[in-house]
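Asker: Mind looking over this structure? Questions follow.
Every number here is computed from the coordinates shown, using simple stated rules; none is lab data. Just so it is clear, the structure is predicted and the values come from calculations on it, not from any experiment. Here Cβ is always computed from backbone atoms with ideal geometry, including for glycine, and neighbour counts include all displayed protein chains.
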Amino acid sequence: MGIFPPLTGFYNAIAADTRIGASHISIYMALLQQWNVNGGSNPVKIERASIMKAAKINARQTYNKCMNELHRYGYINYKPSVNINSASVVHLNQ
């Protein structure tokens, strides 16, 4: 099996970043899976419930905190939906 550059790039980027914890990594892996299913093109549309389920995150507060921090730290560009009937948009920065 070959190297998966987006995964390798993320782990190289977070190696020295003490702000990143297990919940951030779990959410990023769920986002990366959604990106992969989307054919590897940015941006990717996401639904909070499916990302939380894939990331094994139960608390909305944890999800919101980690998504906002991943955005603020520059790992993703996150545009949350203002309408509950439409998906949020995430661009994975690589």
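Asker: Using the 10 angstrom Cβ neighbour count as an exposure proxy, how do 52, 67 rank, fewest first?
Answerer: Working: 52 18, 67 23.
Starting with the residue having the fewest Cβ neighbours, the order is 52, 67.
Asker: With a Förster radius of 35 Å, plug the Cβ-Cβ distance of residue 37 and residue 85 into 1/(1 + (r/R0)^6) and report the FRET value to the nearest 0.05. Don't skip to the answer; put the middle values down first.
Answerer: Details: r = 21 Å, r/R0 = 0.61.
Efficiency computed from Cβ-Cβ geometry: 0.95.
Asker: Taking the number of other C-beta atoms within 10 Å as the exposure measure, put 10, 4 in order starting with the fewest.
Answerer: Values: 10 21, 4 11.
Ordered from fewest to most neighbouring Cβ atoms within 10 Å, 10, 4 come out as 4, 10.
Asker: Does the chain come out rounded, prolate or oblate by the C-alpha gyration tensor, with a ≥ b ≥ c the root eigenvalues, rounded set by a/c under 1.5 and, if not, prolate when a/b is larger than b/c and oblate if not?
Answerer: Numbers: a/c = 1.63, a/b = 1.23, b/c = 1.32.
Oblate, because a/c is 1.5 or more while a/b does not exceed b/c.
Asker: To continue, here is another question. Determine, for each peptide in 69-78, 13-22, 83-92, 26-35, the mean count of other beta carbons within 10 angstrom over its residues, then list the peptides with the highest first. Let's see the in-between values first.
Answerer: Working: 69-78: 17.0, 13-22: 11.3, 83-92: 13.4, 26-35: 19.7.
The peptides rank, most packed first, as 26-35, 69-78, 83-92, 13-22.
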